[in-house]
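See below for the structure under consideration.
The values are calculated or read from the model by the stated rules, or taken from the named source; none is laboratory data. Remember, predicted model here, so these are calculated numbers, not experimental data. FYI the Cβ positions are ideal-geometry reconstructions off the backbone, even for glycines, and counts take in every protein chain you see. The accessibility values were calculated without ligands, DNA or RNA, using every heavy atom of the protein model including side chains. Shrake-Rupley method; radii C 1.70, N 1.55, O 1.52, S 1.80 Å.
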Amino acid sequence: MKNVVLLGGSNSVMQNGLQKGLKDALMSCGGGGGVEFHNFALGGSRSSQKIYALIANEKVIKEADLVIIETNLNEYDNFVYDLRFDILQRDFEILCKMLANLNKPILFILLPLYVNNDKFKITNNFNLLQIKKYNFHFIDMQRYYDQNNLNEFFATNDLFHQISPIMRLLGQNIALNLEKIDRCNLKCNYSVPKFLAVTLQDLFENINQLEKSVKSNSLFTEELYRLEGKIKLKFKKEFKNYTLVAFSVWNDDNSLGTFSSAIWTNKKTKIIKYCLSSFLMMYNLIENFVIDEESFLYFNANNQKQSENNLWIFLKDDCRNTLDCMQLANQILLVKPDENFTMDTHYDFQTLANLEVQIDEKYNFSHLIPDVVLFKEIIEEYNARMDPVKIAPFQAEIKNLKLELHQKKQNPIQTHLAHKLGRAIIENYRSFWGFLGLPFVLNYIAKKHKKKPAPLPCTENEKQILSYQLGLALINAHKAWYKGGYIWFIFKVLSLKKKFRR
């Protein structure tokens with residue numbers, strides 16, 4: 001029996017990406033049986049959600065042969081939106097201790113992102129330091145992309161998600177190499193705080209006052225409770241002195257946006273927090289919210305100003321509810337604070353950003369990354385061949401539009417051969433050399449006109465000008481040259497000259 005667990009963010013949720021590669025290869029290796037794959041990933045969520053997943057799925061995790069985890073992009077995204085680094089640091093190191101205590105093969109994936117700022121370098125280097133400290137295996141896609149100049153090329157309109165086939169192949173490569181990923185070398189049993197994974201029914205005395213519904217996606221089916229109006233949810237006394245670490249929300253999108261907010265109060269604290277997403281998300285409280293006898297949760301119906309930031313929301317943002325409720329989900333993380341829930345380590349950001357973390361190569365499984373360099377070469381050559389073919393119809397259309405635009409700028413009469421010929425006669429007959437070369441000029445104009453598009457329509461009144469009438473007379477004379485047309489043309493010229501003098 002092979003049992004693989006995936007913990008991650010949206011890159012682990014995407015149906016045709018990493019999880020599909022893992023699942024398909026595992027089923028293929030196991031002949032369709034004897035293999036279990038469990039995906040506890042949740043998009044946009046960081047270490048605290050992974051801690052929740054470890055506790056809520058403890059039995060499955062204990063039976064796992066491999067735990068795969070990717071969280072660096074979500075850690076960075078929270079860091080960008082001003083989540084304090086000491087909180088990120090604390091939660092990530094607790095997560096690592098919990099993973100190390102499993103004494104199982106652990107594989108971290110550091111996903112790539114096309115950014116060049118210190119916060120991303122700090123996030124990745126801190127991840128690598130913990131990976132080194134706890135002897136975890138890792139795949140560093142960011143370093144691979146940097147070394148091979150791939151980041152810009154594969155930075156599509158969705159920066160945070162790699163192209164699905166690349167991630168799918170990575171999943172397949174991992175599944176085919178399970179036997180080579182050893183247990184981490186556990187040095188000791190690390191002390192961690194006491195966490196609880198609870199539901200809304202567990203946590204609140206009067207949760208049944210809220211309207212309940214059920215919502216599903218490819219991974220989760222959740223009971224949701226509609227927090228709205230003036231209803232205040234009261235925390236149960238049995239959770240006194242526990243701290244609320246994280247809560248989950250799954251709002252709908254009403255086309256105006258997905259802003260909703262709630263207020264947490266106890267004897268000493270009031271926290272106002274806005275959420276922005278129509279996906280199932282787990283959010284963290286930044287300020288410590290310790291449950292006491294007077295702890296409540298209720299909807300921020302009056303749009304009170306937020307007291308702390310959130311993912312995709314800065315503290316300075318002027319937020320307003322676009323929804324009339326907050327749909328609470330059943331994934332909630334509590335902790336009993338002790339000395340293991342505080343971290344005294346402080347990092348110099350500049351040093352951390354510029355650090356080159358060296359890890360023993362036996363833990364480095366970056367060779368499982370698909371040959372993305374070859375993919376780039378194939379795509380570039382395909383584009384070099386096919387781009388001219390693909391853009392040819394557009395170029396032809398542009399050419400026609402330019403011609404049409406040029407014609408619209410012209411006087412319609414100027415597109416007629418009669419006008420062109422008449423104009424040439426008028427401009428050349430006054431000089432000896434001009435008159436002598438006139439037959440050649442007229443012949444050139446006639447040949448060139450044949451290659452032009454059809455002349456623009458014009459009225460009979462517009463044709464009553466000397467140049468047009470003179471050219472028309474020449475055309476008619478040429479058609480009847482064998483009947484003495486050119487002699488007739490001379491008399492016609494004299495007649496037109498007399499007519500237009502008037």
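Observations on the model:
- Checking the stated criteria, Glu179 turns out not to satisfy the condition of being assigned to a loop (DSSP other than H, G, I, E, B) and either among the charged types (D, E, K, R) or within 18 Å of Asp65 (Cβ to Cβ) (or both).
- Any hit, region 476-492, residues being open to solvent by less than 50 Å² (accessible area, probe 1.4 Å), under 23 Å from Thr415 (Cβ atoms) and touching a residue at least 24 places away in the same chain (Cβ under 8 Å): no
- All positions within region 341-370 that are open to solvent by less than 60 Å² (accessible area, probe 1.4 Å) and either within 30 Å of the chain's Cα centre (by Cα) or among the small types (Gly, Ala, Ser) (or both): Leu352, Ala353, Val357, Asn364, Phe365, Ser366, Leu368, Ile369, Pro370
For every residue, the table says whether it meets (1) within 27 Å of Lys2 (Cα to Cα); (2) touching an Asp or Glu at 6+ places or on another chain (Cβ under 9 Å).
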residue	(1), (2)
Phe79	no, no
Arg84	no, no
Ile94	yes, no
Leu102	yes, no
Phe108	yes, yes
Leu113	no, no
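- Failed item, numbered, when Phe37 is tested on (1) open to solvent by 40 Å² or more (accessible area, probe 1.4 Å); (2) within 30 Å of Asp317 (Cα to Cα): (2)
- Applying a threshold of 8 Å to beta carbon distances and a minimum spacing of six or more residues, or different chains, the list of pairs starting in region 1-13 at a residue that is basic (Lys, Arg) and ending at one that is open to solvent by 10 Å² or more (accessible area, probe 1.4 Å) reads Lys2/Cys29; Lys2/Gly30; Lys2/Gly34; Lys2/Val35; Lys2/Glu36; Lys2/Asp65; Lys2/Leu178.
- Residues located in region 130-143, provided they are more than 25 Å from the chain's Cα centre (by Cα) and open to solvent by less than 50 Å² (accessible area, probe 1.4 Å): Gln130, Ile131, Tyr134, Asn135, Phe136, His137
- Subset of region 324-340 (residues that are out of contact with any helix residue (DSSP H, G or I) (no Cβ under 9 Å at 6 or more places or on another chain), modelled with pLDDT under 95 and open to solvent by less than 70 Å² (accessible area, probe 1.4 Å)): Pro337, Asp338
- Some residue of region 172-192 being buried (at least 17 other Cβ atoms within 10 Å of the Cβ), out of contact with any Leu (no Cβ under 8 Å at 6 or more places or on another chain), touching a residue at least 60 places away in the same chain (Cβ under 8 Å) and among the hydroxyl-bearing types (Ser, Thr, Tyr): no
- Residue ranges of helices (runs of 4 or more DSSP H) in region 1-94 with at least 3 members at pLDDT 95 or above and among the hydroxyl-bearing types (Ser, Thr, Tyr): 47-56
- Tally, over region 88-134, of residues that are more than 22 Å from Ala175 (Cβ to Cβ), out of contact with any Pro (no Cβ under 8 Å at 6 or more places or on another chain) and of a type outside the set (Phe, Trp, Tyr): 28
- The criterion of at least 2 residues that are open to solvent by less than 10 Å² (accessible area, probe 1.4 Å) is met, among strands (runs of 3 or more DSSP E) falling completely within region 193-304, by 221-228, 243-249, 259-265, 270-276, 281-284.
- Within region 329-351, the presence of at least one residue that is touching a residue at least 12 places away in the same chain (Cβ under 8 Å), over 30 Å from Phe235 (Cβ atoms) and not in a loop (DSSP other than H, G, I, E, B) is confirmed.
- Residues of region 144-163 that turn out to be without any contact (Cβ under 8 Å) to a residue 24 or more places away in the chain and either within 9 Å of the chain's Cα centre (by Cα) or open to solvent by less than 40 Å² (accessible area, probe 1.4 Å) (or both), as a count: 3
- Residues in region 368-399 that are within 30 Å of Ile181 (Cβ to Cβ) and either among the basic types (Lys, Arg) or out of contact with any strand residue (DSSP E or B) (no Cβ under 8 Å at 6 or more places or on another chain) (or both): Pro370, Asp371, Val372, Val373, Leu374, Phe375, Lys376, Glu377, Ile378.
- Residue check for Asn116: surrounded by fewer than 22 Cβ atoms within 10 Å (Cβ to Cβ) and on the phi > 0 side of the Ramachandran plot: no
- Evaluation of Gln89 against (1) polar (S, T, N, Q); (2) closer than 20 Å to Phe349 by Cα; (3) open to solvent by 10 Å² or more (accessible area, probe 1.4 Å) (one fails), failing number: (3)
- Comparison of Phe279, Phe259 shows that the only residue that is modelled with pLDDT under 95 and within 16 Å of Ser45 (Cβ to Cβ) is Phe279.
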